[in-house]
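Worksheet: one structure, shown below.
The values are calculated or read from the model by the stated rules, or taken from the named source; none is laboratory data. Keep in mind the model is a prediction, meaning the values are calculated, not measured. Please note: Cβ atoms are built from the backbone with ideal geometry, for glycine as well, and neighbour counts cover all protein chains shown.
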Amino acid sequence: MTAVTVRVPAKVNVQLAVGGLRPDGFHDLANVFLAVGLYDHVTATSADRLTITAEGRDVAGIPLDGTNLAARAAVALAERHGIAPDVHLHIAKDIPVAGGMAGGSADGAGALVACDALWGLGTPPADLLEIAGGLGSDVPFPLLGGAALGVGRGERLTALEVGGAFHWVFALADGGLSTPAVYRECDRLRREQGTGDLAGEVPAPVADPALVAALAAGDAHALAAVLANDLQDAALSLRPDLARTVATGLGAGALAGIVSGSGPTVAFLAAEEEGAAKIAAVLGSCARVAVAPAPGSTVLP
């Protein structure tokens, strides 16, 4: 085998509950991930050294060196097995860059699966998840897809049941938002509001039972009523223009609109496929339609 291509999904956070700032600089999370049918494709090809290329929307902002999560994933997997990370990685981007949909994390997950297959390693899934968790909080979930609750930094996953299809419209924004910057703004807003920002001052994050039940029932109306993102106010503070996007989507008939993760992508939940098409038509060229749940990282024939 000289090349392996892996399809890997984007995610939307249907709940992102953020605890207080920990001494190590991270936050405890209750993060309910839902994989959606927007995909990057990561191709691993035999090579005599590690190189990386990319194509697609906004790839000018992607590092093509050892700091790229896909490259880091290849190195971490190779180190686990005591081999050289000799591979060329090519990323075909369809997930927004720095858009709050875990595009970089998806590429890391895709590279793990692609390199594992290319090198014939047969790494157990639990070990791949462990390696992924060491790369970043959002990297394990694209391995699994479907829906899952992430706790700790979001990397410890429990699969959740999804009882039907959910129709989404994603409004892509020009430019990205730095995830660390959004967390810092969340902390600042909490201090400004007098609630405190440290662990012990902020309630411990927990998954909403009503949200978990709505996913299991496949009930879009019930899910829309409980979508929640503790980072949304921070994202809107840094990008006030996103409030207009939210209002436009809601005015077009969305059941709910929410900033996806740290933003700036805004996710709109529709009642059905026809409703999603109408919302997308109003939003115009920035809109992408996708259905959830989507499968995790998949080796293509």
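Looking only at the stretch 1-53, residues that are more than 29 Å from PHE166 (Cβ to Cβ), in a strand (DSSP E or B) and of a type outside the set (S, T, N, Q) come to 6 in all. Can you say whether VAL169 is at negative phi and part of a loop (DSSP other than H, G, I, E, B), as far as the supplied structure shows? No; evaluated as a whole, the condition is false for this residue. Taken as a whole, the structure leaves VAL4 outside the set of residues that are crowded, with 24+ Cβ neighbours inside 10 Å and at pLDDT 95 or above. In the stretch 254-280, the residues that are in the same structural domain as SER237 (by TED's automatic domain parsing) and on the phi < 0 side of the Ramachandran plot form Cβ pairs under 7 Å with partners that are modelled with pLDDT under 95 and part of a helix (DSSP H, G or I), at six or more places apart or across chains, as follows: SER262/THR179.
Taking the stretch 172-190 as the range and being of a type outside the set (Lys, Arg) and outside any loop (DSSP other than H, G, I, E, B) as the test, the residues that pass are THR179, PRO180, ALA181, VAL182, TYR183, GLU185, CYS186, ASP187, LEU189. Across the stretch 248-268, the qualifying residues are those that are of a type in the set (Val, Ile, Thr) and not in a strand (DSSP E or B), and the one among them that is nearest to the chain's Cα centre (by Cα) is THR265. Among the residues making up the stretch 59-93, those that are out of contact with any Cys (no Cβ under 9 Å at 6 or more places or on another chain) and either in contact (Cβ under 8 Å) with a residue 60 or more places away in the chain or not assigned by TED's automatic domain parsing to the domain that holds PRO142 (or both) are GLY61, LEU69, ARG72.
Cβ-Cβ distances below 6 Å connect the following pairs, each with a first residue in the stretch 148-161 that is closer than 10 Å to GLY133 by Cβ, a second residue that is surrounded by fewer than 17 Cβ atoms within 10 Å (Cβ to Cβ) and not aliphatic (A, V, I, L, M), and a separation of six or more residues or different chains: ARG153/PHE26.
Every residue, every condition in (1) outside the structural domain of ALA10 (by TED's automatic domain parsing); (2) modelled with pLDDT under 95; (3) not in a loop (DSSP other than H, G, I, E, B), yes or no:
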| site | (1), (2), (3) |
| --- | --- |
| THR123 | no, no, no |
| ASP127 | no, no, yes |
| GLU130 | no, no, yes |
| GLY134 | no, no, yes |
| ASP138 | no, yes, no |
| PHE141 | no, no, yes |
| ALA148 | no, no, yes |
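Within the stretch 252-270, identify whether any single residue is in contact with a His (Cβ under 7 Å, 6 or more places away or on another chain) and either within 24 Å of ASP187 (Cβ to Cβ) or surrounded by fewer than 24 Cβ atoms within 10 Å (Cβ to Cβ) (or both), and answer yes or no. Yes, the stretch 252-270 contains at least one residue that is in contact with a His (Cβ under 7 Å, 6 or more places away or on another chain) and either within 24 Å of ASP187 (Cβ to Cβ) or surrounded by fewer than 24 Cβ atoms within 10 Å (Cβ to Cβ) (or both).
Any chance the stretch 191-199 includes a residue that's among the acidic types (Asp, Glu), assigned to a helix (DSSP H, G or I) and crowded, with 22+ Cβ neighbours inside 10 Å? If you could, list the steps in order and put the result at the bottom.
Taking the stretch 191-199 and keeping what is among the acidic types (Asp, Glu), we get 192, 197.
Filter once more, so that each one left must be assigned to a helix (DSSP H, G or I): 192.
Add one more test, that the residue is crowded, with 22+ Cβ neighbours inside 10 Å, and what stays is none.
Taking every residue of the stretch 191-199 in turn, none turns out to be among the acidic types (Asp, Glu), assigned to a helix (DSSP H, G or I) and crowded, with 22+ Cβ neighbours inside 10 Å.
Tallying residues that are over 13 Å from THR45 (Cα atoms) and not in a loop (DSSP other than H, G, I, E, B) within the stretch 75-109 yields 16.
Matching residues to (1) part of a helix (DSSP H, G or I); (2) crowded, with 17+ Cβ neighbours inside 10 Å; (3) touching a Leu at 6+ places or on another chain (Cβ under 9 Å); (4) assigned by TED's automatic domain parsing to the domain that holds GLU274:
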{"site": "ALA207", "(1), (2), (3), (4)": "no, yes, yes, yes"}
{"site": "ALA213", "(1), (2), (3), (4)": "yes, no, no, yes"}
{"site": "ALA216", "(1), (2), (3), (4)": "yes, no, yes, yes"}
{"site": "SER237", "(1), (2), (3), (4)": "yes, no, yes, yes"}
{"site": "VAL246", "(1), (2), (3), (4)": "yes, yes, yes, yes"}
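Regarding LEU34, is this residue at pLDDT 95 or above, in contact with a Pro (Cβ under 7 Å, 6 or more places away or on another chain), surrounded by fewer than 23 Cβ atoms within 10 Å (Cβ to Cβ) and not assigned by TED's automatic domain parsing to the domain that holds ALA224? Considered against the rule, which asks whether it is at pLDDT 95 or above, in contact with a Pro (Cβ under 7 Å, 6 or more places away or on another chain), surrounded by fewer than 23 Cβ atoms within 10 Å (Cβ to Cβ) and not assigned by TED's automatic domain parsing to the domain that holds ALA224, LEU34 comes out as no. Reported count of residues in the stretch 156-205, each being at pLDDT below 95 and outside the structural domain of GLN232 (by TED's automatic domain parsing), is 1.
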